[in-house]
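Inspection log for the structure reproduced underneath, given as structure tokens.
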Amino acid sequence: NSNLKIQFLMHNLQLFIILKNFEKAISYASLALQFDRKLPDCLMARASSCLEMNLLSESLNDCEQLKLIAPDFFLIRFISGKCYSLLGMHKESVRDLDEYISYMESLNFDNLEDLEKIQYSEGII
């Protein structure tokens, strides 16, 4: 069953991120994406792992794909903004980081729904 395989791969992916073994995390994310190319949590995890390993073009590819399939994952704009900054692409960096900051500033944490919204958008829940 591909769903069980994906769950197993995603569990190990998160474990390797916690252990800061980003090379293994990227491998597990890539395997999971072979079953489903549109797994938002997996794309975000691989993008952030690639960023940690300074694989900036790979990270940006995942960021751009995720922006298309899950535009509510606003944390991806932080990751792409950081990649663009490291590549010296400051216009793109400012654009993505500004989108991320604007979204964060629009949230009202006194409202439980807003807190749940940001947790969902960042793959926390």
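The values are calculated or read from the model by the stated rules, or taken from the named source; none is laboratory data. These numbers were taken from a predicted model, which means no experiment stands behind them. Cβ sites come from the backbone with ideal geometry, for glycine too, and all protein chains shown count toward neighbours. For accessibility, only protein heavy atoms count, side chains too; no ligands or nucleic acids. Shrake-Rupley method; radii C 1.70, N 1.55, O 1.52, S 1.80 Å.
For the range 1-73, just say rounded, prolate or oblate: build the C-alpha gyration tensor, square-root its eigenvalues into a ≥ b ≥ c, call rounded for a/c under 1.5, and beyond that prolate if a/b exceeds b/c, oblate if not. Oblate, since a/c reaches 1.5 and b/c is not below a/b.
Annotation for Asp72 and Asn1: the two label points, set 7 Å from Cα along the Cα-Cβ direction, are 2.6 nm apart.
Dividing the helix sum by the residues of the chain, where each DSSP H run of 4 or more adds -39500 (n - 2.57), gives a mean residue ellipticity at 222 nm of -25000 deg cm²/dmol.
Averaging Cα coordinates gives a centre for the range 1-41 and one for the range 53-73; these two points are 15 Å apart.
Ignoring lysines fewer than eight residues from Lys38 along the same chain, the ones with Cα atoms less than 26 angstrom from its Cα are Lys5, Lys20, Lys24, Lys67, Lys82, Lys117.
Rounded to the nearest Hz, the phi-derived 3J(HN,Hα) couplings of the range 29-36 under the Karplus curve 6.51 cos²θ - 1.76 cosθ + 1.60 (θ = phi - 60°) are 5, 5, 5, 4, 5, 5, 7, 8, where x marks glycine and proline. In this label model, Val94 and Asp36 are separated by 3.9 nm, measuring between points 7 Å along each Cα→Cβ vector. Using θ = phi - 60° in the Karplus curve 6.51 cos²θ - 1.76 cosθ + 1.60, the 3J(HN,Hα) couplings for the range 58-67 round to 5, 4, 5, 4, 5, 4, 5, 5, 5, 4 Hz; x is entered for Gly and Pro. In this view, the solvent-accessible surface of Lys5, computed with a 1.4 Å probe and all protein chains in place, comes to about 110 Å².
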